[in-house]
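Participant: I have a structure I would like to understand better, so I am pasting it below and will then ask my questions one at a time.
Derivation of every value follows stated rules applied to the coordinates shown; laboratory data play no part. Treat the numbers as computed from the prediction; the structure is a model and nothing was measured. Here Cβ is always computed from backbone atoms with ideal geometry, including for glycine, and neighbour counts include all displayed protein chains.
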Amino acid sequence: MGIFKDGLDLFLSGGEIMYMLGGVACILYAFCFAALAYVNHGNLNDKDADKWSEWIEHPDRAKGRIGEALVYALHGPKLSIKTVGRRFEEIRFNLVSSIDRRLLVINTLVAAAPLAGLLGTVTGMLAMFAGLSQGTGAAGMQKVADGMQQALITTQTGLTIALPGLFLGLIIKSKRDRISATLQRLESLILTARFQREPKL
């Protein structure tokens, strides 16, 4: 309970801006963990690359998200390079664009956290000047100390929120690029296996 009380006292000493920072943190990490769960779901990576050739010939045997992509891209009696390319473009748009939208929110919130902390710094500095204007009495010096504490705590909190969010965003971006590369490689393999032209004699 002592640690909780100390943390609560520290939070309250940061002023009203701490509520804004708390809201930014909750939304940011909710989006980060939701995006991580989304990019980690399924098998859109090269772990099963040794099975791709078999799955392309028999899409019904494929598993996971790759299986869903293959069934959609290869269904129908009359397939063409254009049809497969268009279907893979739709798959990429649905998957990659969904991740990009999440990354846009994450990056925006990562940038917003230090700015909210800076707003708290300005508010704390104004409180310090208000304390200085009251002279060197006990009440004035207490306002100066409170303003300085608010300015430092909000800045520190904003950076503390932003830095882990920045690293999580980079991890999500890396996984997003990996998914996009997997889809591109899978499409190329399909075009090679299904539409390879016979050499002219």
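Participant: For region 167-183, what does the Karplus curve 6.51 cos²θ - 1.76 cosθ + 1.60, with θ = phi - 60°, yield as ³J(HN,Hα) per residue in whole Hz, taken in order and with x for Gly and Pro?
Facilitator: 5, 5, x, 5, 5, 5, 4, 5, 5, 4, 5, 5, 5, 4, 5, 4, 5
Participant: Between residue 125 and residue 96, what FRET efficiency follows from the Cβ-Cβ distance if R0 is 35 Å, with the result rounded to 0.05?
Facilitator: 0.20
Participant: Still on this model: So if we plug the beta-carbon distance of residue 188 and residue 46 into 1/(1 + (r/R0)^6) with R0 = 22 Å, what FRET efficiency do we get, rounded to 0.05? Write down the numbers at each step before the final one.
Facilitator: On the way: r = 13 Å, r/R0 = 0.59.
E(calc), rounded to 0.05, equals 0.95.
Participant: Also: Go through 69, 133, 191 and say which Cα lies farthest out towards the positive end of the charge dipole of the chain; charges sit on Cβ, +1 for Lys and Arg, -1 for Asp and Glu.
Facilitator: 191
Participant: Counting Lys and Arg as +1 and Asp and Glu as -1, each charge on the Cβ, what is the dipole of the chain about the Cα centre in debye, to the nearest 20? Display every interim value, and only then the final one.
Facilitator: Details: 22 positive and 17 negative charges, 180 e Å.
The dipole magnitude comes to about 860 debye.
Participant: What does the extension gain come out to for residue 111 and residue 195, with contour length at 0.36 nm per residue minus their alpha carbon separation? Walk me through the numbers on the way to the answer.
Facilitator: Working: separation 84, 0.36 × 84 = 30.24 nm, distance 4.70 nm.
Value of the extension gain: 25.5 nm.
Participant: Let me ask something additional. If Rh is defined by the Kirkwood formula over all Cα pairs and Rg also comes from Cα, what ratio Rg/Rh do you get for the chain?
Facilitator: Details: Rg = 26.8 Å, Rh = 20.7 Å.
So for the chain, dividing Rg by the Kirkwood Rh gives 1.29.
Participant: Separate question: Around residue 43, which amide H atoms from residues at least 5 apart in sequence, or from another chain, sit under 5 Å from its own amide H, with H modelled in the peptide plane?
Facilitator: Counting only residues 5 or more places away or on other chains, the set is 65, 66.
Participant: Still on this structure, please answer the following. Rank 77, 164, 114 by mean-square fluctuation in a GNM of the chain with C-alpha springs under 10 angstrom and give only the top-ranked residue.
Facilitator: Among 77, 164, 114, the largest mean-square fluctuation in the Gaussian network model of the chain belongs to 77.
Participant: Using the Cα centre as the reference, give the magnitude of the dipole from point charges on the C-beta atoms of region 48-100 (Lys, Arg: +1; Asp, Glu: -1; all else neutral), rounded to the nearest 20 debye.
Facilitator: Working: 9 positive and 9 negative charges, 43 e Å.
Charge dipole of region 48-100: 200 debye, to the nearest 20.
Participant: Which net charge results when you count Lys and Arg as +1 and Asp and Glu as -1 among the other residues whose beta-carbon is under 13 Å from that of residue 54?
Facilitator: Charge balance in the 13 Å sphere: -1.
Participant: Across region 14-193, how many lysine pairs, 8 or more positions apart or on different chains, have C-alpha atoms separated by under 30 Å? Please give the number.
Facilitator: So the count works out to 15.
Participant: Using helices alone, what [θ] at 222 nm do you get for the chain, with -39,500 (n - 2.57) per DSSP H run of 4 or more residues, divided over all residues and rounded to the nearest 500? The partial results should precede the final answer.
Facilitator: Values: 6 runs with 164 residues, N = 201.
So the calculated ellipticity at 222 nm is -29000 deg cm²/dmol.
Participant: Related question: Which semi-axis lengths, in whole Å and largest first, follow from the square roots of five times the eigenvalues of the Cα gyration tensor of region 28-99?
Facilitator: Details: eigenvalues 135, 50, 13 Å².
Over the Cα atoms of region 28-99, the ellipsoid semi-axes are 26, 16, 8 Å.
Participant: Want the number for residue 75 to residue 61: 0.36 nm per residue separation, take away the alpha-carbon distance, what's left?
Facilitator: Details: separation 14, 0.36 × 14 = 5.04 nm, distance 1.35 nm.
The span from residue 75 to residue 61 would gain 3.7 nm if fully extended.
Participant: Follow-up question, since we're still on this one. Say we join alpha carbon atoms closer than 10 Å with springs in a Gaussian network model of the chain; which of 191, 103, 159 then has the biggest fluctuation?
Facilitator: Looking only at 191, 103, 159, the biggest GNM fluctuation is shown by 191.
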